[in-house]
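Novice: Have a look at this one.
The values are calculated or read from the model by the stated rules, or taken from the named source; none is laboratory data. Values in this document were obtained by computation on a predicted structure and should not be read as measured data. No Cβ is skipped: glycine too gets one built from the backbone with ideal geometry, and neighbour counts run over all protein chains shown. In case anyone asks, the SASA skips ligands and DNA or RNA and just uses the protein heavy atoms, side chains included. Shrake-Rupley method; radii C 1.70, N 1.55, O 1.52, S 1.80 Å.
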Amino acid sequence: MSTPQTEDLPYSVFARACPSRGTLEHVTGRWGGLALGALYEGSLRFNELRRRVDGVSEKMLSQTLQALERDGLVHREAQPTNPPRVDYELTALGREVAERLLALIQCVEGRMDEVLAARERYDTVRGAR
C-alpha cells in the first residue's frame, strides 16, 4: 500500500524488486547494524572490529563488511605494510545511516525493562518457550 510520502520516492523497500531492500537488510541484519554502530566510534582494524562486535565469526564479519562497502556505507583501506593492515571506517553516507541506527539502538536499550516485563507477562500467559 502506498502513501503520499512513498509515491514521491523513486525506491520503495516494500516493492519486491527494489534494490533498497537489499541495503536495508545489510544495515538492519544482526551483524551489519552492530558493525555500523561500532564503526561510528571511529576507524577500526578488522580484528578490533571483530572483538568489538562480540560473537561475530571472521567469515560473517568479512561478508558483512564487503556488503556494506559495496553499498557505499563503509570504506576499506589496505595499508601496504608487512603484515598487511586493513582499516575500516564509515563513509559520509554510512555515518548518516549509523546515526539513525544508533538512535534506534538507544531507544531499545533504554526501554529494555519494559521489554523484559512484557516478555515475562507473555510467557506467563502463553507458557515459556
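Novice: Here is a check on your reading of the model: is Glu25 over 19 Å from Ala103 (Cβ atoms) and either in contact with a Lys or Arg (Cβ under 9 Å, 6 or more places away or on another chain) or free of Cβ contacts under 8 Å to residues at least 60 places away in the same chain (or both)?
Specialist: yes
Novice: So which residues in the range 29-51 are free of Cβ contacts under 8 Å to residues at least 40 places away in the same chain and either of a type in the set (Val, Ile, Thr) or open to solvent by 10 Å² or more (accessible area, probe 1.4 Å) (or both), if there are any at all?
Specialist: Once the filter is applied, which keeps residues that are free of Cβ contacts under 8 Å to residues at least 40 places away in the same chain and either of a type in the set (Val, Ile, Thr) or open to solvent by 10 Å² or more (accessible area, probe 1.4 Å) (or both), the range 29-51 yields Gly29, Arg30, Trp31, Leu34, Glu41, Asn47, Glu48, Arg50, Arg51.
Novice: Also, quick follow-up: Please give the number of the condition Glu25 fails out of (1) open to solvent by 60 Å² or more (accessible area, probe 1.4 Å); (2) under 11 Å from Tyr88 (Cα atoms).
Specialist: Glu25 satisfies all of (1) open to solvent by 60 Å² or more (accessible area, probe 1.4 Å); (2) under 11 Å from Tyr88 (Cα atoms) except (2).
Novice: Moving to a separate point now. Quick check on the range 76-124: of everything there that is in contact (Cβ under 8 Å) with a residue 24 or more places away in the chain, open to solvent by 70 Å² or more (accessible area, probe 1.4 Å) and not in a helix (DSSP H, G or I), which residue is farthest from Thr64 (Cα to Cα)?
Specialist: Arg85
Novice: Take the residues in the range 82-129 that are modelled with pLDDT under 95 and in contact with a strand residue (DSSP E or B) (Cβ under 8 Å, 6 or more places away or on another chain), then tell me which one is farthest from Ser43 (Cα to Cα).
Specialist: Applying the filter and picking the extreme gives Pro84.
Novice: Out of Asp71, Asp54, which single residue is over 16 Å from Val86 (Cβ atoms), modelled with pLDDT of 95 or more, surrounded by 15 or more Cβ atoms within 10 Å (Cβ to Cβ) and among the acidic types (Asp, Glu)? Show your work before the answer.
Specialist: Values: Asp54 fails: surrounded by 15 or more Cβ atoms within 10 Å (Cβ to Cβ).
Result: Asp71 is the single residue among Asp71, Asp54 that is over 16 Å from Val86 (Cβ atoms), modelled with pLDDT of 95 or more, surrounded by 15 or more Cβ atoms within 10 Å (Cβ to Cβ) and among the acidic types (Asp, Glu).
Novice: Further question on the same structure: Looking at Gly42, Gly32 in this structure, which one is within 14 Å of the chain's Cα centre (by Cα), at pLDDT 90 or above and of a type in the set (Gly, Ala, Ser)?
Specialist: Testing whether each residue is within 14 Å of the chain's Cα centre (by Cα), at pLDDT 90 or above and of a type in the set (Gly, Ala, Ser) leaves just Gly32.
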